[in-house]
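Here's the structure, in structure tokens; my notes come after.
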Amino acid sequence: MKNPRPAILAFYSSFVIAIIAAVVCRFISQQTIDAVIVGVTVFIAGFAIFFYALQIFIYRKIKLVYKSIHHLKAGKEELSVNEKLNHDPIGEMNKEVLEWENEKISEIEQLKKLEIYRKEFVANVTHELKTPLFSIQGYIHTLLDGALEDEAVNKMFLEKASRNVDRLTNLIADLEVITQLESGSYTLEQEVFDIHMLAQDVFDSLEIKSSTRKISLSFKKGCDQPFYVFADKEKIRQVLINLLDNSIKYGKEGGNTMVSFYDMDENILVEVTDDGNGIDEHHLIRLFERFYRADKSRSRDIGGTGLGLSIVKHIIEAHNQSINVRSTVGVGTTFGFTLLRK
């Protein structure tokens, strides 16, 4: 007997009925032997009837319903005869209910985390939009209240208002880029190019900004040579600009930022290393989140939208590659990402 459940249920049911029948017979006939015979007969007949009913009309029906549901979930259309009859549906159903319960608990926890993330994101976007808008509003109202007549003041206020407009424009542009990357609507225009030459172009474009803080941009020894990769050149340019710009903003004045390339057989590993103040370990796991700032007060003073590293992560992941960060406080920070080697 492959499955004892119907037999066990039939046994207990028929046993109870047999006892009742024996007691009734003993009471009527006053003969113990008659009661025993009746009890045994009723037990055997009851067992056969109950077992047949449970096995044929109830248990197999439950099994077929369960297996049908299970196979529909798995995407199978039909069941073979063996599949219909060779398992314990009640035990399996109990197991799947417990698994379903655990899955739902996990989903609820994930939804709670997403809700917290959503609230943080909305709060951050609101703050990032309000700050420049209120500044622009203040400058315009001041000009309208009479400062427009003062040439020295009106030029200064207009320049500050212009900078805040630029900040808003950059924020909206960065949000648009992230939305495109997350939705998959952006199509990568991949080509073979020399990433060393691209990095040199980025060095040149950031020369004025780096010289202002006396930070030197250079290649690691042995890396000042061509390294060919297959990727979206303009998007990787944006990755390098964001990473190098960060190293200039947060690196120590008079420090160094170094770019390195490593041949990893199928991939090229690109690393951007600075000798700045470093980042505390508990910040690293959230560093690529939108608007997350390790040093909020200093970050806002320096500028930026708070979306640069998030954009970097999305671009690299759109290439089916990975990016990571390691940092030591007082020593510096290294960002590393891979690209397909050509």
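When the range 193-341 is described by a simple charge dipole with +1 on each Lys and Arg Cβ and -1 on each Asp and Glu Cβ, the residue from Q225, L243, F261 located farthest towards its positive end is L243.
The range 175-303 has equivalent-ellipsoid semi-axes of 24, 21, 14 Å, by the square roots of 5 times the alpha carbon gyration tensor eigenvalues, sorted largest first. On the basis of the beta-carbon distance and an R0 of 30 Å, E182 and H141 show a calculated FRET efficiency of 0.20.
Can you give the FRET efficiency for K252 and H282, using 1/(1 + (r/R0)^6), R0 = 25 Å, r = Cβ-Cβ distance, to the nearest 0.05?
Details: r = 22 Å, r/R0 = 0.86.
E(calc), rounded to 0.05, equals 0.70.
Ordering 168-175, 243-250 by mean Cβ neighbour count within 10 Å, with the highest value first, yields 243-250, 168-175. Placing a pseudo-label 7 Å from each Cα along the Cα-to-Cβ vector at V331 and E191 gives an inter-label distance of 4.0 nm.
Measuring r between the beta carbons of M264 and F134 and using R0 = 51 Å, the FRET efficiency lands at 0.60.
Label-to-label distance for T212 and K112 is 4.6 nm, based on points extended 7 Å past Cα in the beta-carbon direction.
Only the coordinates and a few stated rules stand behind these numbers; no lab work does. Only a predicted model underlies this, so the values are computations on that prediction, with no experimental measurement involved. Backbone-built Cβ (ideal geometry, glycine too); neighbour counts: all protein chains shown.
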